[in-house]
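Asker: Take this structure first; my questions come after.
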Amino acid sequence: MRKIGIVLLIMGMLYGCGSAKSVLTADKTPMATTLDLVNITDDKVMVEINPGAFTKESVSFYIPKTVPGTYSTDNYGKYIEDFKALDYEGNEIAVSKADDNTWNISNGTKLDKIVYWVNDTYDSEREQEEAVFSPAGTNILKGENFMLNLHGFVGYFDGLQEVPYELTIKRPLDLESTTSLKKKLDVEEANTDVFLAPRYFDVIDNPILYAKPNTESFKINDITVTLSVYSPNGTYTAASLKDRMEKMMIAQKAFLGDIDGTKEYNILLYLSKMDGKDASGFGALEHH
């Protein structure tokens, strides 16, 4: 009998929007961020961020050291490689790395964009002395599965945490997303999703699971719940788990009473193969 582990992530839709203004850039355009899930190289994803025009010379960029819902120092910047800052002609600008999670960029007024590669955490958990807790980690499995806890992929510039983000994700055609992030609807490319977040906190508060379609939805009063399941060997489906999940959440709602601020919940269920290169930490990372 094959052993299957479970990694569960739970998240809900945020309805309040934070302040969306830039204090260091010349305009108020969103932080244009692109993840390429199609052209994977050495099990890594390329990320590109275009912040708009800076009005100061010294610019710092950060990847989170820790995130809400955990009590550990995970230094997600350790999974970033080949970080480059480019000017408007495509030339590299000098960058110095201050620590695992901080990059200082010179000539900020010439900065056009930054690009870097991201490693995932699941396949290296057993190699780390203090591994990232799996529900707060990331997975890159080309053409099959992407667990995008976005704090492991997307960073922020100093002073610009309140600027809105526009997150463009190029994906394999047969993989679909489950997330509580708001999706931009007028996107013409079939293999591209665009998500909108009012500020950086909302980016990291809303993970995305990309997998082959395996979802079920149900209603609890006026609350919509969607269950998305990734099962590596196809043993478990969202349909097979729907009834017990629905019973559990009906009981939770009855216990909580009139708490109705969140109208949409998405439950991301990741099942691990436990084969030494997959997630080994079990539990949940909860979100607003």
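Asker: Counting chymotrypsin sites (Phe, Trp or Tyr not before Pro) as exposed when in a DSSP loop with at most 14 other beta carbons within 10 Å, what is the longest stretch of the chain free of them?
Answerer: Longest gap between qualifying sites, sites excluded: 89-281.
Asker: Can you give the accessible area per residue of the chain, in Å², using a 1.4 Å probe? List each step's numbers first, then the result.
Answerer: On the way: 13750 Å² over 288 residues.
I get 48 Å² per residue for the chain.
Asker: Continuing with this model, one more query. Provide the solvent-accessible area of residue 204, counting protein heavy atoms only and rolling a 1.4 Å probe, rounded to the nearest 10 Å².
Answerer: 20 Å²
Asker: To continue, here is another question. Out of residues 5 or more away from residue 271 or on other chains, whose amide H comes under 5 Å of its own, with H placed 1.01 Å from N in the peptide plane?
Answerer: Result for residue 271 returns 7, 230.
Asker: Can you work out the Karplus-derived ³J(HN,Hα) for every residue in the range 86-91? Use 6.51 cos²θ - 1.76 cosθ + 1.60 with θ = phi - 60°, whole Hz, and x for glycine or proline.
Answerer: Per-residue couplings from phi come out as 10, 8, 6, 9, x, 7 Hz.
Asker: Mind pulling the angle between the C-alpha long axis of helix 238-256 and the longest principal axis of the chain? Nearest 10 degrees, somewhere in 0 to 90.
Answerer: So the inclination is approximately 90 degrees.
Asker: Can you list residues from other chains, or at least 5 along the same chain, whose modelled amide H is less than 5 Å from the amide H of residue 111?
Answerer: 54
Asker: So what is the relative contact order of the chain, in percent, for Cα pairs below 8 Å that sit 6 or more residues apart? Show your work: numbers first, answer last.
Answerer: Values: 684 pairs, mean separation 78.4, N = 288.
Worked out over the chain, it gives 27 percent.
Asker: Let me ask another. Within the accessible area of the range 82-218, what % is carbon and sulfur when the probe is 1.4 Å and the other protein chains stay in place? Let's see the in-between values first.
Answerer: Working: 2470 of 5780 Å².
Here it works out to 43 percent.
Asker: Can you grab the distance from the C-alpha centre of the range 190-213 to the C-alpha centre of the range 231-288, Å, no decimals?
Answerer: For the range 190-213 versus the range 231-288, the Cα centre distance is 18 Å.
Asker: In straight Cα distance, which lysines are under 16 Å from residue 56, not counting same-chain residues fewer than 8 positions off?
Answerer: 28, 110, 113
Asker: Still on this model: How much of the pair distance distribution for the chain lies past 25 Å, counting alpha-carbon pairs only, in percent? Mind dumping the intermediate values first?
Answerer: Numbers: 19877 of 41328 pairs.
Summing the P(r) of the chain above 25 Å gives 48 percent of all pairs.
Asker: So what is the relative contact order of the range 187-288, in percent, for Cα pairs below 8 Å that sit 6 or more residues apart? Present the calculation step by step, with values, prior to reporting the outcome.
Answerer: Values: 91 pairs, mean separation 27.4, N = 102.
This gives 27 percent for the range 187-288.
The values are calculated or read from the model by the stated rules, or taken from the named source; none is laboratory data. For clarity, every value in this text was computed on a predicted model and none was experimentally measured. FYI the Cβ positions are ideal-geometry reconstructions off the backbone, even for glycines, and counts take in every protein chain you see. Heads up: the accessible areas ignore ligands, DNA and RNA and are worked out on the full protein's heavy atoms, side chains in. Shrake-Rupley method; radii C 1.70, N 1.55, O 1.52, S 1.80 Å.
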